[in-house]
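A quick write-up on the structure given underneath.
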């Protein structure tokens, strides 16, 4: 799954009054999604290359750092 697909699935779940729960373990189990998230984190300078699809501690820490920084600037409505 790529981020575009994840966004669409999340939007569809929200439109149906549900939610899409996707934790670190689920990301790690989806190599394509893990690689795409790593590529974005590298592009945003939260993670050093390469994007290898192995979503372990370093990648998950980078994702949490991104979320903390992004959500602080743009809180959910």
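The values are calculated or read from the model by the stated rules, or taken from the named source; none is laboratory data. In this text, all values refer to a predicted model and were calculated from it rather than measured experimentally. Glycine also receives a Cβ, built like all others from the backbone with ideal geometry; neighbour counts cover every protein chain displayed.
Some notes on this structure:
- Here residue 35 fulfils each of the conditions (1) surrounded by 13 or more Cβ atoms within 10 Å (Cβ to Cβ); (2) within 17 Å of residue 5 (Cβ to Cβ); (3) free of Cβ contacts under 8 Å to residues at least 12 places away in the same chain apart from (3).
- Checklist (1) in a loop (DSSP other than H, G, I, E, B); (2) modelled with pLDDT of 90 or more; (3) on the phi < 0 side of the Ramachandran plot; (4) over 12 Å from the mean Cα position of the chain (by Cα) applied to residue 45, failing item: (3)
Conditions (1) touching a helix residue (DSSP H, G or I) at 6+ places or on another chain (Cβ under 8 Å); (2) part of a helix (DSSP H, G or I), marked per residue:
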residue	(1), (2)
13	no, yes
22	yes, no
34	yes, yes
55	yes, no
61	no, yes
66	yes, yes
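- Condition met for residue 40 (assigned to a helix (DSSP H, G or I) and in contact (Cβ under 8 Å) with a residue 12 or more places away in the chain): yes
- For the criterion of being within 17 Å of residue 3 (Cα to Cα) and free of Cβ contacts under 8 Å to residues at least 24 places away in the same chain, residue 48 fails.
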